[in-house]
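Written out below as structure tokens is the structure these notes cover.
Values quoted throughout were computed directly from the atomic coordinates according to the rules given, and no laboratory measurement underlies them. All figures in this text were calculated on a predicted structure; none of them were measured in a lab. A quick note on method: Cβ atoms are made from the backbone with ideal geometry, for glycine too, and the neighbour counts reach across all protein chains shown.
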Amino acid sequence: MNKLTLRTIPAVLLVAFSGAASAAAFQLMEQNASGLGNAYAGSAAVADNASTIFFNPAGMTQLGNGIQLSAGVTGVGPSYEYRDQAGVKSGGDAGGWAAVPNAYLSGQLTKDLFLGLGISAPFGLATEYDAGWVGAAQAIKSEIKTININPSIAYRVSDKVSLGFGLNYQKIDSELTSSVLRLKGDDSAWGWNAGALFTLSPAMRVGVSYRSAIKYTLSGNASGALNGAIEADVKLPDTFILSVWQQVSDRWEAMGDLSYTRWGTIKSLNVTGLAVPVSETFNYENSWRFAWGAGYKATDKAKLKFGIAFDRTPVRDEYRSARVPDNNRLWLSLGGQWNAGAVGKFDLGYSYLYVIDPTISQGALQGKYDASAHIVGVQYSVGF
């Protein structure tokens, strides 16, 4: 019964926790809406609501007494339009809007000990081209869904140092189709995350956090030109974050972020079990993300947020595929927060992602993409 529950609950949640990639490759940064307005700068150091469970569980020690709840949803709307070298479009817009919900709960057990639970979607991909487009033999639909259940613990070692740790039960569901083949598989696996928060002064915090890689053996089936049961090994990358938050004045706060994701874990997808081997090459490189943000307290209840980030893609030009037509991207973000006191806090954020035009040279695909994304998120946080 326990095994059935562990597999069934995430499978149901996957219907809701799907999303189109917004960070490099198919990583999803949108684990809350409160950080969206700052382009997720200071993600491991801000610690102003229960969503810190994802970015740095040690941040739970900053949330105060009692129980803290944070829940929200982010809409991610990427656009990928392919043009050949003559400027002729094909395939329509492979992007589209998708919802990425999240929920977090934190509680204080003793003066220095905190427990939490987070539900999120760390990775997601959704691209789909019109049937019969010029690249149909390579890709039509590409979909990856994940659901991550993250129980966590945090301990305040002193007024200046807090530590946090979490386990991650993650389920993945994938579907890759072309004009000749459809591959579908899923799996679940365990990972972990940890973090530390250093309060250098009442006006400055530094956070470091790490989320482990998670290795899957996808199992499922193939249909079309080849039929049968299949398996494929894939290792989703680990991520390290270094963040700084500083209260600059009574009105202004500033934050910065440096993250490093080891996408080098994904070199190829090799599908076994069929009469003819099926393989897709990725050869991803490790990637960096830099972000800077600021907040302005306009009134006692209202705060305005701003942010900018540069996200370096792990995709090499020579290996770019129609499934993940990714390239370096610039985030331009703004948002706001309304503090309604005992009623709770409401966050609204928006980001525009400018993706430097990805070029592609794979078989019949010789051209480039017009690529961009809009992201909008809302979140409610309350303590009781």
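Laid out as a table, the results:
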quantity: Packing rank of 67-80, 28-41, 130-143, where each peptide gets the mean count of other beta carbons within 10 Å, highest leading; calculated: 28-41, 67-80, 130-143
quantity: Peptides ranked, highest mean first, by Cβ atoms within 10 Å: ranges 321-332, 359-370; calculated: 321-332, 359-370
quantity: Alpha-carbon centroid distance for the pair region 87-115 / region 182-199, whole angstrom; calculated: 14
quantity: Stretchable slack from W338 to T299, in nm (0.36 nm times residue separation minus alpha-carbon distance); calculated: 13.1 nm
quantity: Sequence-distant residues sharing a close amide H with A139 (under 5 Å, placed H); calculated: S179
quantity: Distant-in-sequence amide H partners of F282 (H built 1.01 Å from N, under 5 Å); calculated: S268, L269
quantity: Principal-axis tilt of helix 2-13 within the chain, Cα atoms, nearest 10 degrees; calculated: 80
quantity: When region 32-140 is reduced to its Cα atoms, the Kirkwood hydrodynamic radius in Å; calculated: 16.6
quantity: Added length on full extension, which subtracts the Cα-Cα distance from 0.36 nm per residue, L167 to W190; calculated: 7.6 nm
quantity: Rounded Å value of the spacing that divides the Cα centres of region 21-80 and region 237-296; calculated: 14
quantity: Other-chain or far-sequence residues with amide H under 5 Å of F123's (modelled H); calculated: L28, T146
quantity: Bins of 10 Å, starting at 0 and running to the largest distance - Cα pair percent for region 190-329; calculated: 10, 26, 27, 18, 11, 6, 1
quantity: Coil-residue trypsin sites (Lys or Arg not before Pro) of region 259-310, DSSP, other Cβ within 10 Å capped at 16; calculated: K267, K301
quantity: Where N is the number of residues in the chain, Cα Rg divided by 2.2 N^0.38 Å; calculated: 1.00
quantity: In order through region 29-44: 3J(HN,Hα) via Karplus (6.51 cos²θ - 1.76 cosθ + 1.60), integer Hz, x for Gly, Pro; calculated: 7, 6, 9, 7, 9, 5, x, 5, x, 9, 6, 6, 5, x, 4, 9
